[in-house]
1. I need every pair where a residue in the range 29-51 that is under 14 Å from Asp16 (Cα atoms) has its Cβ under 7 Å from the Cβ of a residue that is aliphatic (A, V, I, L, M) and surrounded by 11 or more Cβ atoms within 10 Å (Cβ to Cβ), sequence separation at least 6 or different chains.
2. Restricting attention to the range 28-65, which residues are assigned to a helix (DSSP H, G or I) and among the small types (Gly, Ala, Ser)?
3. Is there a residue in the range 9-24 that is surrounded by 10 or more Cβ atoms within 10 Å (Cβ to Cβ), at pLDDT 85 or above and not in a loop (DSSP other than H, G, I, E, B)?
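The values are calculated or read from the model by the stated rules, or taken from the named source; none is laboratory data. Only a predicted model underlies this, so the values are computations on that prediction, with no experimental measurement involved. Because the Cβ atoms are built from the backbone with ideal geometry, glycine has one as well, and the counts that use them run over all protein chains shown.
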Amino acid sequence: METSPQIDSLQLMLTDLRTRNESIRHKAAFKGCQPEFQSLVSKLIKQLEYELSEEKMHLRNQLKK
């Protein structure tokens with residue numbers, strides 16, 4: 001199966017999220033996909049921050065009723 005830095009970074013991110021193992025983060029540097037991995041981390045953080053904001057707004061709206 002062909003692979004790419006993007007595929008490697010996605011697989012490493014999924015492994016990291018499932019295991020919460022910090023050594024997996026460092027593995028990206030050795031696989032040569034650190035920029036792609038960091039980009040995924042940033043996107044995930046932004047997505048989760050957005051979802052948190054939406055949930056907070058939803059809760060506030062529920063409490064106002």
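1. Gln34/Ala28; Phe37/Leu12; Phe37/Met13; Phe37/Ala28; Leu40/Leu10; Leu40/Met13
2. Within the range 28-65, Ala28, Ala29, Ser39, Ser42, Ser53 meet the criteria.
3. The answer is no; no qualifying residue exists.
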